[in-house]
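What follows is calculated from the coordinates using simple rules that are stated; it is not laboratory data. Just so it is clear, the structure is predicted and the values come from calculations on it, not from any experiment. Note that each Cβ is placed from the backbone with ideal geometry, even for glycine, and that neighbours are counted across all protein chains shown.
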């Protein structure tokens, strides 16, 4: 049985696609462990929930800002990254994986660089149209690049891994568990793993109007539940959920940020969706590209501005009667697992520089 180290963390978009690969890897006889940032990180919690051995190393994120706090953080990047790479080397020497699969992001970079220096093959998978800094660095060091975005110039298009447990869920059972009355349409508001203040602020004033037509499941984000109204039969606020499959199954329309994972999951599930991408400047702008991809596959898209709440209500109402999204890619999990398996069998070593 071969062994792979899956690396990625910081947000669900760097974690859940890794975990989505586990069933396909298991079918190929590939054992998996997980690497990410040290401490009580979201990737540690997710890996342990999936019963994976977890290895944490120092990791530091480059902050795209000119504030004094950001500058102090960024000055520490070289030292902390070097420390993280040294720690990741020790992990790789002890665990002895045949391959490192990097989902990108600052928590994966130490493992990708450590594997490169040790001659261990690396595959990096990019969710967005343009590659993030960690994946660009890994690719420069010889990593094989794969992409989830059709037409991206970064790597081979394979699609986005989607968790198998999201499918084949019992809609009626999910609604009963949440206490939603039978026959009532459901809107799910999901702002990502940490919630989205802009979505919360836009949805809360609309609740009296929305509840005339549907029940609302509101994922507020951790620490934000105190800012929303109390629960009722038709309003269910949750800070976080470990069972997105049940929430997706219960919902008729999903209002979401346009993270690549959310777009891929909702398209794969054939949900009706409305996306509000993060504006450029708040992020590096890839949610705008993701939202455009979602629009081309049947979703509605609204730009975020001060008038979001007023624009949102009619779009949500139309979404209940719109066709569902169409799938963006087929069998991404199997395609990626096949590339991993072939690379491990060849024993391709990561070169110092991309040829």
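Full extension of the chain between residue 233 and residue 117 yields a length gain of 36.1 nm, computed as 0.36 nm times the residue separation minus the alpha carbon distance. Convex hull volume per residue, computed on the Cα atoms of segment 165-319, equals 106 Å³. If the viscosity is 0.890 mPa s and the temperature 25 °C, what translational diffusion coefficient in µm²/s does Stokes-Einstein give for segment 1-152 when Rh comes from Kirkwood over Cα pairs? Translational diffusion coefficient: 160 µm²/s.
Panel order for 168, 124, 214, by other beta carbons found within 10 Å of each beta carbon, from fewest to most: 168, 214, 124.
Between the helical axis of 286-296 and the longest alpha-carbon principal axis of the chain there is an angle of about 60 degrees. Here the spin labels are modelled as points 7 Å beyond Cα on the Cα-Cβ line, and at residue 311 and residue 82 they lie 4.7 nm apart.
Compared with the dominant principal axis of the Cα atoms in the chain, helix 332-346 is inclined by about 0°.
Helical content alone sets the calculated 222 nm signal of the chain at -11500 deg cm²/dmol, taking -39,500 (n - 2.57) per DSSP H segment of four or more residues and averaging over every residue. Applying 1/(1 + (r/R0)^6) with r as the Cβ-Cβ distance of residue 346 and residue 326 and R0 = 35 angstrom yields a FRET efficiency of 0.50. On the principal axes of its alpha carbon atoms, the chain extends 61, 49, 35 Å, with the longest extent given first. Among 191, 12, 285, which one shows the biggest mean-square fluctuation in a GNM of the chain, springs joining Cα atoms closer than 10 Å? It is 285.
Taking other C-beta atoms within 10 Å as the exposure proxy, 261, 130 rank 130, 261 from fewest upward.
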